[in-house]
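Quick one: structure below, then a few questions.
The values are calculated or read from the model by the stated rules, or taken from the named source; none is laboratory data. On a predicted model such as this, the values are computed, not experimentally measured, just so you know. Just the protein is used for accessible areas: all its heavy atoms, side chains included, with ligands, DNA and RNA removed. Shrake-Rupley method; radii C 1.70, N 1.55, O 1.52, S 1.80 Å.
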Amino acid sequence: MSSIKAVAESYQLFNPRAYLQNNYVPPRADFSSEDSVMCWKLRRLHETCAKGEIKGRTLVDIGSGPTIYQLLSAFEHFQEVIMTDYLEVNRQELKMWLSNEPGAFDWSPYFKHVCKLEGKGEPWKDKQKRLREHVSRVIPVDVHQPRPLGGELLSGSVDCLVSSFCLEACSPNLEAFQKALEHVIGLLKPKGHFLWIGALEESYYLAGEARLNVVPVTEDIVKKALHTAKCVVREFSTYSMTPSMKVGVDDVSGIFFVWAQKDDPK
């Protein structure tokens, strides 16, 4: 892709249900296997949030897509959760689930798995109910704007950000990727937390008729991008896609998980 505009145009063909089918059912979301990529992602999020440092008033999910799994551990530690996406079709998909409408995607296996990780013996439906109550709004986002959420939230006002498979997937090149990261980090308070999941060395993925280009990034590129955005990396881990996780819908080689904190300029 040659420009941000061209990337935006390519996403008009994005099919949320095809994307969910490609990535959020077995084999990639096989909860009977601890080796599945989804079990790895949920474990990383759980273990990081269980440390007790990540908490506050406002949690914002940047580029939620049509998914909610990325919030299942973090949301408990905040008063308010705001979900965001560039595409109206994704925002509608999220609202379907939040309203418990017939035909919404079934996230119950995810809740069951996270409740198992937490080990409290909690009924998963209780946790599901709490997440629905915590999400206050689902709003548009444009990470290529200096104020990605427009007038919805002030810069420097957010306690924690979550983002998964967004920045590398909506940027035409590394320069735009870097700027998008800096725009997003601008929403955080000093010492605010950033939980970031992304694709390693991926150049494309499929979502129905849409073939979406991705900026290939490496662990080194991600770490340097965070340093440039004035963030301190607290944790960094990677997962290598096994043959069973390569299902022909992308060319991703691995996944990264980062827990970072925004520098305090004081």
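Given the convex hull over the Cα atoms of the stretch 5-123, what projected area results after averaging over all orientations, in nm²?
Computed as one quarter of the Cα hull surface, the answer is 8.6 nm².
Then there's this: HN-Hα J couplings of the stretch 177-191 from phi, Karplus 6.51/-1.76/1.60, θ = phi - 60°, integer Hz, Gly and Pro as x?
Listing the rounded values in order: 4, 5, 5, 4, 4, 5, 4, 5, 4, x, 6, 6, 5, x, 6 Hz.
Binning every alpha carbon pair distance of the stretch 38-85 at 10 Å from zero, what are the percents per bin?
26, 55, 18
Do the alpha carbons of any pairs in 129/191; 224/262; 5/189; 51/116 sit beyond 22 Å of each other, and which pairs?
Cα-Cα > 22 Å for 129/191; 5/189; rest within.
Residue 217's amide H: which non-local residues (gap 5+, or another chain) put their own amide H closer than 5 Å, with H modeled 1.01 Å from N in plane and none for Pro or chain starts?
HN-HN under 5 Å from residue 217: 201, 202.
Over the stretch 66-194, with a single point scatterer placed on each C-alpha, what log10 of the ratio I(q)/I(0) does the Debye formula yield at q = 0.22 1/Å?
Taking Cα atoms of the stretch 66-194 as identical point scatterers yields -1.38.
Once percent of Cα pairs over 33 Å apart is worked out from the coordinates, which option in (i) 16; (ii) 12; (iii) 22 does it equal?
After the calculation, the listed value that fits is (ii).
Could you run the Debye sum over the Cα atoms of the stretch 166-266, one equal point scatterer each and no solvent, and tell me log10 of I(q)/I(0) at q = 0.10, 0.11, 0.14 Å⁻¹, two decimals?
-0.29, -0.35, -0.55
Using a probe of 1.4 angstrom, how much of the accessible area of the chain is carbon and sulfur, in percent?
C and S atoms contribute 51 percent here.
Calculate the length of the line joining the C-alpha centroid of the stretch 16-58 to that of the stretch 105-137, in whole Å.
12
Moving to a separate point now. Under 14 Å Cα to Cα from residue 127, which aspartates and glutamates show up? Leave out anything in the same chain fewer than 8 places away.
76, 118
Now, a different point. Under the classification rounded if a/c is under 1.5, otherwise prolate if a/b is larger than b/c and oblate if not, where does the stretch 121-212 fall, given a ≥ b ≥ c as square roots of the Cα gyration tensor eigenvalues?
oblate
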